[in-house]
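Data block below; observations after.
Any read-out appearing in this document is the output of simple, stated calculations on the displayed coordinates, not a laboratory observation. Note that the coordinates shown come from a computational prediction; the quantities given were computed from them, not determined experimentally. Every residue, glycine as well, gets a Cβ built from its backbone with ideal geometry; the counts of neighbours run over all protein chains shown.
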């Protein structure tokens, strides 16, 4: 018998008796580690290596501090997913049971995973994050960690204003900057390890350039063709599908401009500029395609957002390593 067994009633699932199996199922659907682990590593080292290049280092270093920081970034991304799951659980289940195609097969909706499992994982991830960042208890890293953790916890509580969940744009404006704070945490690690005097002015553009791909992803996944709209709040409902089609492209362009300037200041190869520019162009073209011919197929902008985010982060890592030696 596998981890899931179909019940006799259609549309219901008997969850596995083992929590580990249920959590594996949850992660496989909502936070696939084969995708998220590489993304977290690329995101961390895109900032870590580029800060060193901007600071004039001839050799970029991987340290134990970097290992701890990369693990923290990964766990923070998972905690954000868990917080979103918990605070939206009732709404998501209702949408799934109403037949919304985005939610009807989710494991919490089918009953394959219990809400108690998600809560348990939330506390386990929280404990791991605190353990990783207990020492050193002072310095820029400690300050940045607790700021990120506090802001993220506030977002879990809708910043103490639950009606925010009904206002998509307000939720975006308050939640999306968390990715910028996560980047600032990496900068704090860098400052404690190499000295705050090594932080170049272009570090601000670096953080913005790697924060905006999250905005590209967020806005691209909530765009639907007019015929496919349901009660679920999407940017195409709030802004109108013609405007929503171009929003991810605008964020991708902003990210690309920032990263091209950073690459120039860090002395990186023009190949990076060409590659990230091509990925940006793909997002723009797909957005225009949806605007000119809206359909369920053309509304699927998320794969192109994923492509851009991966290219921006992994491409920056590759560009730095192509121009610098790396040492432990």
Open item on the list: Can you compute the modelled spin-label distance between residue 98 and residue 198, with each label point 7 Å from Cα toward Cβ, in nm?
Closed with: 5.3 nm
Open item on the list: Compute for region 201-320: radius of gyration divided by Kirkwood radius, i.e. Rg/Rh, restricted to C-alpha atoms, rounded to two decimals.
Closed with: 1.04
- [ ] Within 10 Å of each residue's Cβ, count the other Cβ atoms and sort 50, 256, 243 from fewest upward.
- [x] 243, 256, 50
TODO: Starting with the fewest neighbours, write out 59, 73, 208 ranked by other beta-carbon atoms found within 10 Å of each beta-carbon.
DONE: 59, 208, 73
TODO: Using only alpha carbon pairs under 8 Å that are at least six residues apart, calculate the relative contact order of region 201-320 and give it in whole percent.
DONE: 36 percent
Task: Pairs of alpha carbons in region 87-151 whose separation is greater than 17 Å (percent) - done: 56 percent
Open item on the list: Once you keep just the Cα pairs under 8 angstrom separated by 6 or more residues, what percentage relative contact order results for the chain?
Closed with: 22 percent
Task: Convex hull of Cα atoms in the chain, direction-averaged projection (nm²) - done: 17.7 nm²
Task: Pair residue 33, residue 170: separation of 7 Å Cα→Cβ label points (nm) - done: 3.9 nm
Task: GNM top mover of 128, 46, 245 - the chain, alpha-carbon springs below 10 Å - done: 128
Open item on the list: If you split all Cα-Cα distances of region 84-226 into 10 Å bins from zero, what percentages do you get per bin, shortest first?
Closed with: 10, 29, 35, 19, 7, 1
- [ ] Give the order of 114, 122 when sorted by the count of other beta carbons within 10 angstrom, beginning with the fewest.
- [x] 114, 122
